[in-house]
Amino acid sequence: MMFRPIFASLCLLMASHAHALNLGGFRPDEVAIWMAPQDGGPAIVQHRTDVPMNPASTMKLLTTLSALEILAPDYRWRTDLLADARPRGDTLDGALYWRGGGDPHFDRNDLAALVRDLRGRGIRHLAGDVILDKQRFARTGSADDFASDSDKAFAVPPDALLAHLKVVWATLFAQPDGVRVALDPPLDGLSVDNRLTATAGPCDGGIKRYASLSAQGNTLRLDGTLPAGCDGSKLFVPVWEHDAYQAALFTALWREAGGSFAGTVRRGVTPASAQLLASVSSPTLAEVIRDINKYSNNTMARQLFLTLGAEQPVDGDVLRDGETAVRRWAAQRKLALPGLQLENGSGLSRRERISAAGLGALLQAGANSPYAPEFMASLPIAARDGTLRRRFVGQPVEARLKTGSLNDVRALAGYVKALNGQRYALVVLVNSPRASELTPALDALVAGLISQPGKREASE
């Protein structure tokens, strides 16, 4: 364990050099550090604070705080089913329009609710096509440098009709004759290549230590073992492109509800004359940003960034308009963010940049925001939940910190309570080829700053 010796050396150095910050296991050119009173005031700890760096997912702090103040915590997304023909008996002639509002949280249960309402109107047979209306997001943008990760859940692109994050869950059950796999949702066209072997023993470390799930075209492949202690465990994987997934999901849920369907599913635009048949609203923005920040959900963050562009249009390009909305908000808040570069607002980017001082000023603005409680509540709690649930365990660290992780990047940014009772905003950004090795040093540095706060600059 690297943590104890690094932490001990930090504490000794801080005690003997009251005005020097020891960087522990970091080289001076691979880390930036900023720490200041939470509610405002100059930094008491700083090192390379004005250097623009890749923040990874700590960039979500900018997207979520700006969204809270632009849209308000009670903002909700809406998804509709409409038709341009009235039902005839139990049949809907003409097209059914599924109009997306860009809801980051829309899942199979929301679509099931829409389907139930449609069936509640007495409609059983859809004689026409189902039209996917995605006009809400005219341009979604990309994370071009992550094309090789397109089969990973963290890289699912945004979509105006995002449904269930485009994933399928596999629940694994140990049976006397092997391993049974139950899929949710059960989509037509998907087959399972189950190569799992049931074994005895506990489920130490979770199912991902023993089994893997991958999507290869129309086939889900399961490899590895299922220890007895892992019985009932779940794995998930994204499948297909958005349109294909949405078509399969709608068809499955409509038939599950007892409906029949004669047409196809395709893209189109809802006519102005269409009449509303069913509608569902998302949880509030305050609830959605908890999922975004606590679990560092890239897709949901990108949906939110595009929503800002849709709600504050300039030229109709929601990606560019989202960036404009964020920059305008920062200017109105008098936040100096020199070197800021935005690509999609999630931190899933090799191009995005912000300085430690810029993130620090953002955190101080968040602490003084009318929506500070909602913003702070969205951050992971050290050793308790989200992406921090397994970090700082058993240590005297009281903190709410957004994590960031990419190849060559590690980051922590948020709010801490020092052992002297004072509350601080803290940012540590690591950009280095050896970043993946430095998480213990990063956590030790944060723990050391919390234990011995005081005005310091790095001794290089």
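Just need the relative contact order of segment 131-272 here, percent rounded to a whole number, with Cα pairs under 8 Å and 6+ apart. Please report the intermediate quantities before stating the final value.
On the way: 229 pairs, mean separation 42.5, N = 142.
Relative CO of segment 131-272 lands at 30 percent.
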### Task
Pull up the DSSP beta bridges for segment 57-181 and report the antiparallel fraction as a percent, rounded to 5.
60
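Counting only C-alpha contacts under 8 Å and six or more residues apart, can you give the relative contact order of segment 294-446 as a whole percent?
Details: 232 pairs, mean separation 23.7, N = 153.
The normalised contact order for segment 294-446 reaches 15 percent.
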### Query
How much length is gained if the chain between Arg350 and Ala331 is pulled fully straight, taking 0.36 nm per residue apart and subtracting their Cα-Cα distance, in nm to one decimal?
4.4 nm
### Query
Calculated FRET efficiency, Val314 and Phe154, Cβ-Cβ r, R0 30 Å, to nearest 0.05?
0.55
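Could you check what % of the DSSP bridge pairs in the chain are antiparallel, to the nearest 5? Mind dumping the intermediate values first?
Working: 60 of 82 bridges.
Taking every DSSP beta bridge with both residues in the chain, the antiparallel ones total about 75 percent.
So between Asp107 and Asp243, what do we pick up on full extension, going 0.36 nm a residue minus the alpha carbon distance? Numbers along the way, then the final one.
Details: separation 136, 0.36 × 136 = 48.96 nm, distance 1.48 nm.
Extending this stretch completely gives an extra 47.5 nm.
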### Summary
As straight-line cross-link partners of Lys152, the qualifying lysines (C-alpha separation under 22 Å, not fewer than 8 residues apart within one chain) are Lys60, Lys166, Lys208, Lys234, Lys294, Lys402
### Query
Once phi is turned into ³J(HN,Hα) by the Karplus curve 6.51 cos²θ - 1.76 cosθ + 1.60 with θ = phi - 60°, what whole-Hz value does each residue of segment 240-248 show in order, with x for glycine and proline?
6, 8, 4, 4, 5, 5, 4, 4, 5
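For segment 251-330, count the residues as N, evaluate 2.2 N^0.38 Å, and divide the Cα radius of gyration by that value, please. Mind dumping the intermediate values first?
Working: Rg = 17.4 Å, N = 80, 2.2 N^0.38 = 11.6 Å.
Its radius of gyration relative to the 2.2 N^0.38 Å reference: 1.50.
Taking the solvent-accessible surface of protein heavy atoms with a 1.4 Å probe, what is the per residue accessible area of the chain in Å²?
Values: 19010 Å² over 460 residues.
With the other protein chains kept in place, the chain gives 41 Å² per residue.
Restricting to Cα pairs below 8 Å that are 6+ residues apart, what does the relative contact order work out to for the chain? Please round to a whole percent. Intermediate results must be reported in sequence, preceding the final value.
Details: 1039 pairs, mean separation 123.7, N = 460.
Here the relative contact order equals 27 percent.
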### Summary
Quick numbers on segment 64-136, Rg and Dmax over C-alpha atoms in Å, give 15.2, 49
### J(HN,Hα) series, segment 434-449, from Karplus relation 6.51 cos²θ - 1.76 cosθ + 1.60, nearest Hz, glycine and proline x
9, 4, 4, 8, 9, 4, x, 5, 4, 5, 5, 4, 4, 4, x, 5
### Summary
Using the Kirkwood formula on alpha carbons, the hydrodynamic radius of segment 48-187 in angstrom works out to 18.9
### Message
If DNA, RNA and ligands are ignored and the probe is 1.4 Å, what is the ranking of Tyr415, Tyr75 by accessible area, most exposed first?
### Response
Tyr75, Tyr415
### Task
Starting from the Cα of Asp90, move 7 Å in the Cα-to-Cβ direction to define the label point; list residues of segment 255-282 whose amide nitrogen is under 18 Å from there.
255-263
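Counting only protein heavy atoms, what percent of the accessible surface of the chain is carbon or sulfur at a 1.4 Å probe? Before the final figure, lay out each step's value.
On the way: 9190 of 19010 Å².
Here carbon and sulfur together make up 48 percent of the probe-accessible area.
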### Summary
Binned at 20 Å from zero, the C-alpha pair distances of the chain give percents of 23, 49, 25, 3, 0
### Extension gain from Ala182 to Asn194, taking 0.36 nm per residue of separation minus the Cα-Cα distance
3.2 nm
### Task
Mind giving me the nanometre distance, one decimal, between the label points for Arg423 and Arg209, set 7 Å out from Cα along Cα→Cβ?
3.8
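The values are calculated or read from the model by the stated rules, or taken from the named source; none is laboratory data. Note that the coordinates shown come from a computational prediction; the quantities given were computed from them, not determined experimentally. Every residue, glycine among them, receives a Cβ derived from its backbone with ideal geometry; neighbour counts consider all protein chains shown. Each accessible area value is taken on the protein alone, full model and side chains, heavy atoms only, with ligands, DNA and RNA left out. Shrake-Rupley method; radii C 1.70, N 1.55, O 1.52, S 1.80 Å.
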